[in-house]
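Before any comments, here is the structure.
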Amino acid sequence: MRLDVEGQEVPLAPGSVHHLVCIGQEAVTNALRHAVPSIISVHLQYYADSLSLSVKDDGCGFRASDKLAALYGHFGIPVMEERARKLGGVFE
């Protein structure tokens, strides 16, 4: 696992920190559970008026149609999308 942080850290509201941590934790957990990666990279970039959290791995990935997994009791991606929306951000 690798963590890179860039930019000047800015104070965030505790609720925002909570959502960001949960998004990052879920992304890493999903990679470990489903992708069988040899490396997971987490990148946090601070900008003047925003920030970007990126989690990437070299695992096996999934098909876009797998997002339908929520119909079968898997809610990780939809919950991450909702958390990003609550922060005023986007999830890709």
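The values are calculated or read from the model by the stated rules, or taken from the named source; none is laboratory data. Computed from a predicted structure; not experimentally measured. Keep in mind that these areas ignore ligands, DNA and RNA; they rest on the heavy atoms of the full protein, side chains included. Shrake-Rupley method; radii C 1.70, N 1.55, O 1.52, S 1.80 Å.
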Taking the 0 to 90 degree range and rounding to the nearest ten, how far is the long axis of helix 14-30 tilted relative to the main principal axis of the chain, both from C-alpha atoms? 30
Debye intensity ratio I(q)/I(0), log10, the range 1-42, q values 0.28 Å⁻¹ (C-alpha model): -1.02
Of C22, C60, which has the most accessible area and how do the rest follow, probe 1.4 Å? C60, C22
Using a 1.4 angstrom probe on the protein heavy atoms only, line up M80, M1 by accessible area, largest first. M1, M80
Helical contribution to [θ] at 222 nm, DSSP H n ≥ 4, -39,500 (n - 2.57), averaged over the chain, rounded to 500: -10000 deg cm²/dmol
Among [x] 192; [y] 86; [z] 99, which one is volume of the Cα convex hull per residue in Å³ computed from these coordinates? [z]
Could you order D49, D58, D4 by accessible surface area, starting with the largest, using a probe radius of 1.4 Å? D49, D58, D4
